[in-house]
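Below is one structure, written out as structure tokens; comments come after it.
The values are calculated or read from the model by the stated rules, or taken from the named source; none is laboratory data. In this text, all values refer to a predicted model and were calculated from it rather than measured experimentally. Here Cβ is always computed from backbone atoms with ideal geometry, including for glycine, and neighbour counts include all displayed protein chains. Surface areas here come from the heavy atoms of the whole protein model, side chains and all, with no ligands, DNA or RNA. Shrake-Rupley method; radii C 1.70, N 1.55, O 1.52, S 1.80 Å.
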Amino acid sequence: MIVDVHGHLGPWFFFPSEGTAAENLRVMDAYGIDIQLVSSVEAVTYDPVAGNAALAEAIGDEPRLRGLFVIDPRDLAAAEQQLDELRGLFVGVKIHTHYSATPAGSPAMADALRLCADADLPALVHTWGTEILDLADTVASVPGARAIAGHMGGPAWRLAPEALTRTDRLWLEPCYSRPDAGRVRWVLDRIDPQRMLFGTDSTLIDPALAFGAIRAAHLSAEEERLVMSANAIDLFDLDLS
């Protein structure tokens, strides 16, 4: 089984796309992805409230697509109200540090993660550069918060093992638009494989990049089981029935 914890649904402003659930499923079928956790492109880039509502309607009862509720830490009142209304329709949260102009080490991020903890939802947080360490420190400061460092810090991926030493409530998701040689294997050799999850950044990035990085890492059978599905099923409490 393959669970992709970093997906998107909706049209992108970078290039023409259908932006439909059918498009996500078509790409998933092409790569053998069984379940994909998706956030709304509209919610991430423009309007969280409208985007979250549209996503809930778009994925409906489709069991292969599970929703990530987008929180903009600049408007936690609106996020809290909508999360109360839609709580049962989402398995986790997505926070993009750059689109929301909210640094990973800021008080606003801590408040957002506190809201996630109160709702008992793990948060996929965009990390780029040294902010992966800032996110680790913020997670450590918020009781009950659980976060996944999206992109594993991007170009600062060598900081990922250090970030995990700062809290036991942080996981790594290594999708990245640049195929640095040996990246995933280097990190896995320095961490517990239970702390890494598979993600693609689809439909923004073709899943081929993520699958290529995993293939190049030559995962053991146990590492593959954990990284490609088991860790995500456990962290997000995914119902497979």
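Summary of computed values
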{"item": "Set of the range 142-160 residues, backbone N closer than 13 Å to the point 7 Å along the Cα-Cβ line of residue 180", "result": "151-160"}
{"item": "Accessible area of the range 3-236 divided out per residue, in Å², using a probe of 1.4 angstrom", "result": "41"}
{"item": "Within a Gaussian network of the chain (alpha carbon springs, distance under 10 Å), most fluctuating of 121, 86, 204", "result": "86"}
{"item": "Relative contact order of the range 1-97, defined on C-alpha pairs under 8 angstrom at six or more residues apart (%)", "result": "25"}
{"item": "The range 1-61-the range 153-196 distance, computed between alpha-carbon centres (Å)", "result": "24"}
{"item": "Residue with peak Gaussian network fluctuation, the chain [Cα springs, cutoff 10 Å], from 178, 87, 225", "result": "178"}
{"item": "Total charge dipole magnitude, the range 1-76, about the Cα centre, Cβ charges on Lys, Arg, Asp, Glu only, Debye to nearest 20", "result": "140"}
{"item": "Gyration tensor (alpha-carbon) shape descriptor, the range 3-236, a/c threshold 1.5", "result": "oblate"}
{"item": "Accessible area in the full protein assembly, largest first, 1.4 Å probe, for 15, 90", "result": "15, 90"}
{"item": "Label-to-label distance, nm, for residues given as residue 111 and residue 165 (7 Å Cα→Cβ offset)", "result": "3.3"}
{"item": "Accessible surface of the chain, 1.4 Å probe, proportion on carbon and sulfur as whole %", "result": "52"}
{"item": "For the range 3-236, size of Cβ-based charge dipole, Lys and Arg +1, Asp and Glu -1, in debye", "result": "640"}
{"item": "Normalised contact order of the range 3-236, rounded percent, pairs of Cα under 8 Å and 6 or more residues apart", "result": "18"}
